[in-house]
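These notes concern the structure reproduced below.
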Amino acid sequence: MSTRSGSGEPFGNYLLFKKLETDSLGELWRAAPGDSVTSLVALRKFSGGNRVAFSQSVATAARNFSRMSASGFVKGQRTGVVDGVPYLVHEYASGRSLRYIMDHARVGNLKRPSPLPTDQAVAIAERIAASLEATSNLKGDKGRLSHGALIPQFVWISDDGDIRLAGQGLSRAFLISMAVPEVKQELGPYFAPELERSGSETSRSEVYSAGAILFLMLTGEEPPSAASASQTIDHARLMSGGEAIPEDLRRVLHKSLTEDPSARFETSGELRESLGKLIHGGTYAPTTFNLAFYLSTLLKKEYESESAERERELTPQPGSGDAPPAQPVTHITHQPVMTATPGKERKLLPLALALAVVVIAGGGAFLAWNRREAPAPAPVAAPLPPPLTQSMSPAVTEAVAEPIVAEVPPGQEQTAPVPTDAEKRKAFEAEVNRRLQKEMLKMQTSADQRERTIPQAPSPSAIAAEPTSTARRTPPAEQEPSASTPPADTARREQTRVEQPPAAAVSTPPPSVAPSASQRSSVSEGDLIDLLSVDEPPKRTRTVAPVYPPMALRQKAEGTLILSALVSERGRVLDVKILRGDSRGLGLNEAAERAVRACQFTAAIKDGKRVKTWTPVPITFKTR
């Protein structure tokens with residue numbers, strides 16, 4: 001059996017390569033499965049806090065990981081227990097946690113702070129709220145799901161600016177671990193004050209945690225206690241610039257961090273909408289490219305050294321002997337295997353764009369040739385193509401007929417040349433529209449079919465975790481930082497001890513299951529149904545045009561993106577995925593996704609009942 005050339009510390013079925021973070025709960029490692037030479041994972045060991053409580057919580061949380069496949073969730077999340085130490089693991093995705101990023105932003109380069117830009121802080125908070133909302137729309141064994149343990153360590157940001165959450169369902173372990181002073185001091189400010197009293201998370205307690213993280217990103221300071229939040233927010237200064245927090249952001253913070261739960265945003269969806277309005281208003285103009293550029297500047301040394309380290313860790317060394325023997329491990333669950341090849345859509349995107357250019361260029365040449373030869377009668381617009389399947393309702397085609405066009409800021413419009421043959425141009429545009437509709441329906445159908453191939457996760461095995469004796473380990477508060485502990489982590493923990501503050505994409509949606517013919521009569525309101533199976537598809541009742549990203553506008557970048565919106569039985573957009581996006585990093589994907597999330601629809605109807613469904617939405621960016 002071949003092994004890696006890099007030396008890795010065995011941990012169950014994993015090899016631990018590099019310690020990235022250390023906190024009161026344990027450690028975060030870059031690791032890899034011991035039987036794989038092609039993938040890396042982020043593995044968090046819960047060696048601190050209450051191990052028994054974490055062992056029980058990871059078992060419960062693991063049951064729901066297979067349901068969390070939409071955008072906003074880390075990929076490949078699974079859990080287990082090795083030698084009494086519970087752990088959480090997910091795909092590495094070449095990134096860092098928000099905790100790591102903020103610790104390094106405080107130190108910065110050349111010993112000067114490198115603050116996170118305010119518009120990026122707003123954008124990250126909006127994506128966090130969207131992920132929390134997507135979680136609350138999922139059903140678990142005991143009702144609606146919730147995150148319950150939102151801390152900066154569980155916000156994963158990849159080096160290309162993708163933002164996803166991990167650690168859902170661990171709230172009980174965190175609350176029990178608050179009995180450990182170091183845990184309470186470090187993580188307590190991110191939990192709503194009523195959570196310790198009630199022991200059960202609510203939508204309003206989720207809002208509190210998201211607001212606490214927004215405060216951290218804006219100011220670079222740890223969140224205040226709920227009792228002093230109002231005064232602290234009014235006197236706080238932005239980490240970038242040093243001026244007072246703008247009034248619009250202060251209102252969001254006040255309504256998130258208030259001690260009275262009834263005065264907060266009712267749901268994370270309301271918080272997302274509030275932050276989305278600030279972004280759509282034009283005051284804040286974040287793009288994924290800018291966030292990626294900030295991270296590459298902030299973590300330049302880490303990225304440079306990591307490239308060589310990852311190559312060494314993932315390089316197999318034939319004939320070097322067998323892999324280190326694995327320790328006994330209790331696996332909780334495994335991520336279902338996707339039949340679609342990861343990244344396939346991205347690889348096909350350049351080909352699809354090239355094909356679209358050829359079609360449009362060919363059509364333009366055809367029109368020019370006809371105008372030069374002789375005036376010909378205007379062609380009649382081609383009829384709509386036959387349905388993709390015999391069961392598809394004609395209303396489905398009508399529901400996706402009209403793209404949303406981006407707004408060009410006043411004063412930057414370009415006057416389109418007057419066509420010499422308006423009827424021919426109209427016919428050509430109708431043909432392009434027809435092909436676009438056909439392509440969108442094919443993409444949506446393909447996405448739904450891929451989701452139905454995901455197998456259900458196996459039931460987790462029972463855990464028999466033994467209480468950890470104090471003789472086996474040193475309490476977290478007495479541990480000395482190891483040589484591999486990042487300097488920013490050490491500085492933050494030392495500062496926490498001294499100050500002693502008062503405790504206080506293109507991803508995949510949830511699987512859609514179309515009922516069989518024998519089950520159609522048993523459709524319930526709110527069921528998730530394939531678009532091609534509904535009797536009446538969703539129709540837009542409110543359209544929000546995307547704001548043209550400044551960088552894309554300067555480069556006159558144009559194109560049509562195809563997104564898919566999960567429309568609830570009430571007509572709200574619950575989640576968005578990108579079926580065909582833009583790979584140039586100009587912010588078009590983010591602007592399109594925000595616009596679709598702000599739209600409203602009529603509910604899809606199946607057998608007379610309102611149901612959920614995924615429906616394609618085209619977004620067109622055009623400078624003239």
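So what is the relative contact order of segment 147-214, in percent, for Cα pairs below 8 Å that sit 6 or more residues apart? Don't jump to the answer; show the numbers that get you there.
Numbers: 69 pairs, mean separation 23.6, N = 68.
Reported relative contact order: 35 percent.
Taking the simple approach of a point 7 Å from Cα along Cα-to-Cβ for both Ser583 and Glu270, what is their distance in nm?
4.3 nm
What residues have an amide H closer than 5 Å to that of Gly12, excluding those fewer than 5 places away on the same chain, when H is modeled at 1.01 Å from N in the peptide plane?
Gln327
Which ³J(HN,Hα) values in Hz, rounded to whole numbers, follow from the phi angles of segment 564-581 under the Karplus curve 6.51 cos²θ - 1.76 cosθ + 1.60, where θ = phi - 60° and Gly and Pro get x?
With the stated coefficients, segment 564-581 comes to 10, 10, 8, 9, 6, 5, 9, x, 8, 7, 8, 7, 9, 10, 9, 7, 9, x Hz.
Please list 3J(HN,Hα) in residue order for segment 206-219, calculated via the Karplus relation 6.51 cos²θ - 1.76 cosθ + 1.60 where θ = phi - 60°; whole Hz, with x for glycine and proline.
Result, ordered by residue: 5, 4, 4, 5, 5, x, 5, 5, 4, 4, 4, 5, 6, 9 Hz.
Among the listed pairs Lys45/Lys577; Lys255/Lys277; Lys300/Lys577; Lys75/Lys606, which are separated by more than 22 Å between their Cα atoms?
Those over the limit are Lys45/Lys577; Lys300/Lys577; Lys75/Lys606.
Could you give each residue of segment 151-161 its phi-based ³J(HN,Hα) in whole Hz, using Karplus coefficients 6.51, -1.76, 1.60 with θ = phi - 60°, and x for Gly or Pro?
Ordered by residue, 3J(HN,Hα) equals 10, x, 5, 9, 9, 9, 10, 6, 5, 9, x Hz.
Using a ≥ b ≥ c from the Cα gyration tensor of segment 229-286 (square roots of the eigenvalues), is it rounded, prolate or oblate, where a/c under 1.5 gives rounded and otherwise the larger of a/b and b/c decides, a/b for prolate?
Details: a/c = 2.97, a/b = 1.09, b/c = 2.74.
Oblate.
Assuming R0 = 41 Å, what is the FRET efficiency of Asp160 and Ala227, from their Cβ-Cβ distance, to the nearest 0.05? Don't skip to the end; give the middle numbers.
Numbers: r = 40 Å, r/R0 = 0.97.
In this case the efficiency is close to 0.55.
Run through segment 116-166 and list the trypsin sites (Lys or Arg not before Pro) located in a DSSP loop whose Cβ has at most 14 other Cβ atoms within 10 Å.
Numbers: sites: Arg127, Lys139, Lys142, Arg144, Arg164; in loops: Lys142.
Within segment 116-166, the qualifying trypsin sites (Lys or Arg not before Pro) (loop, at most 14 other Cβ atoms within 10 Å) are Lys142.
Say each of Ala179 and Arg106 gets a label point 7 Å from the Cα, pointing the same way as Cα to Cβ; how far apart are those two points in nm?
Each label point is offset 7 Å from its Cα along the Cβ direction, giving 2.9 nm.
For segment 1-157, which semi-axes, largest first and in whole Å, follow from the square roots of 5 times the eigenvalues of its Cα gyration tensor? Each step should come with its number before you reach the end.
On the way: eigenvalues 124, 111, 46 Å².
For segment 1-157, the semi-axes come out at 25, 24, 15 Å.
Fully extended, how many nm does the chain gain between Arg312 and Lys442 (0.36 nm per residue separation, minus their Cα-Cα distance)?
Values: separation 130, 0.36 × 130 = 46.80 nm, distance 4.16 nm.
Length difference between fully extended and current span is 42.6 nm.
Starting from the amide H of Thr283, placed 1.01 Å from N in the peptide plane, find each other amide H under 5 Å away whose residue is 5 or more places distant or on another chain.
Distant-sequence amide H within range of Thr283: zero hits.
In what sequence, largest accessible area first, do Glu27, Glu206, Glu196 appear using a 1.4 Å probe?
Working: Glu27 40, Glu206 15, Glu196 90 Å².
So the residues, ranked largest to smallest area, are Glu196, Glu27, Glu206.
State whether segment 124-232 is rounded, prolate or oblate according to the following rule on the C-alpha gyration tensor (a ≥ b ≥ c being the square roots of its eigenvalues): a/c under 1.5 gives rounded; otherwise a/b larger than b/c gives prolate, and the remaining case gives oblate.
Numbers: a/c = 1.55, a/b = 1.06, b/c = 1.47.
It is oblate, given that a/c is not under 1.5 and a/b is not larger than b/c.
So how much slack lies between Glu9 and Asp234, counting 0.36 nm per residue of separation and subtracting their Cα-Cα distance, in nm? Present the calculation step by step, with values, prior to reporting the outcome.
On the way: separation 225, 0.36 × 225 = 81.00 nm, distance 4.79 nm.
Gain in length upon complete extension: 76.2 nm.
Would you pull out the residues with amide H under 5 Å of Val617's amide H, same chain only if 5 or more places away, H placed 1.01 Å from N?
Counting only residues 5 or more places away or on other chains, the set is Leu563, Ser564, Ala565.
The values are calculated or read from the model by the stated rules, or taken from the named source; none is laboratory data. If you're wondering where the values come from, they're calculated on a predicted model, not measured in any experiment. Methodologically, a virtual Cβ is constructed for each residue, glycine included, from the backbone with ideal geometry; neighbour enumeration extends over all protein chains shown. Remember, those area values only see protein heavy atoms, side chains included, never the ligands or the DNA or RNA. Shrake-Rupley method; radii C 1.70, N 1.55, O 1.52, S 1.80 Å.
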